[in-house]
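Inspection log for the structure reproduced underneath, given as structure tokens.
The values are calculated or read from the model by the stated rules, or taken from the named source; none is laboratory data. These numbers come from a predicted model, not from an experiment. Positions of Cβ are backbone-derived with ideal geometry, glycine not excepted, and every protein chain shown enters the neighbour counts. SASA here: full protein model, heavy atoms, side chains in, ligands and nucleic acids out. Shrake-Rupley method; radii C 1.70, N 1.55, O 1.52, S 1.80 Å.
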Amino acid sequence: ILEWLTNYFEKWRKAPESHPVMLWQHWLGEAAGIKPVFAAEVAQCTVTDRDRGDWLAGIGTEAEVAKGQDGDSAFRAARTDYIIGNLRAIISRTESGHLNKVLFGPWVYDDPMDNLSLKFDSSEDRRHAYQWSAPSGDPDRKKRGNVLGANRLAIEAIPLFPTVVDGQHLATTGFTGTRSTRNLTWCLWDEPVGVEVVRSILALQGLTLEKPDTVKLKRMGIPVVYRCQRQTIGKTRIFTPPFAL
């Protein structure tokens, strides 16, 4: 598994700009003109290029949304002026040892965090009240606090959470709630399944109910459902620790 993953990721590690997730650059700093460029990317998709279409749908939409609403995935916790640099660094710096640690070893958070994470982990709630150093100048970020391999694997899951325009808002698979506080719900399954089945499982409407039907889900091979929140505090987005429903 490790050898296969390492070889699979190698071409992008050497040339991170070629990875399809870099299409997220159209939200860089929320600059003017991003919609036409992203729309042109969407227009180039064909039925024989499903992979590219999946990445685009996982990243966002070229359609107009209401003022103040995000046009890209609810998974973006990093600021728009940081997201591309973080993605590039994660892809280029993740090596076999990082993948080995995340898959087969304990998560010890001994990788640098600074510009090398997607802010998915609840430990990245680095508000000043929670730590000794001011978040903006915390020297520990350059040394520890991150599981780099986990961030690298998470990138590959983005197409499994497509976005879709819902009225004047953009909805992201698995998310419910408002822009400032959103619930993210996902599950674990107890049998090996292919990627297309995973895509369907994660999109089950029953998962996002306030109280999912756990009996029904267990009969489907889904023994546990988790939920957390993506909160916006000022200009900072954080994911809270998950809990089992």
**Asked** Which of (1) at pLDDT 85 or above; (2) more than 22 Å from Leu153 (Cβ to Cβ); (3) loosely packed, with under 14 Cβ neighbours inside 10 Å does Gly33 not meet, given it meets every other one?
**Response** (1)
**Item:** Residue under evaluation Ala78, criteria (1) touching a residue at least 24 places away in the same chain (Cβ under 8 Å); (2) touching a helix residue (DSSP H, G or I) at 6+ places or on another chain (Cβ under 6 Å); (3) open to solvent by 50 Å² or more (accessible area, probe 1.4 Å), criterion not met
**Value:** (3)
**Asked** Within the range 93-112, restricting attention to residues that are surrounded by 17 or more Cβ atoms within 10 Å (Cβ to Cβ) and either free of Cβ contacts under 8 Å to residues at least 40 places away in the same chain or in contact with a Phe, Trp or Tyr (Cβ under 9 Å, 6 or more places away or on another chain) (or both), which residue is nearest to Ile59 (Cα to Cα)?
**Response** Thr94
**Request:** Please state which of the following conditions Val164 fails to meet, knowing it meets all the rest: (1) in a helix (DSSP H, G or I); (2) closer than 26 Å to Asn86 by Cα.
**Result:** (1)
**Asked** Hey, Ser73 hits all of (1) within 12 Å of Trp24 (Cβ to Cβ); (2) polar (S, T, N, Q); (3) open to solvent by 70 Å² or more (accessible area, probe 1.4 Å) but one; which does it fall short on?
**Response** (3)
**Request:** Could you please give the count of residues in the range 204-244 that are aliphatic (A, V, I, L, M) and touching a residue at least 40 places away in the same chain (Cβ under 8 Å)?
**Result:** 3
**Asked** Could you count how many residues in the range 178-192 are out of contact with any Phe, Trp or Tyr (no Cβ under 9 Å at 6 or more places or on another chain), in contact (Cβ under 8 Å) with a residue 24 or more places away in the chain and closer than 17 Å to Val224 by Cα?
**Response** 3
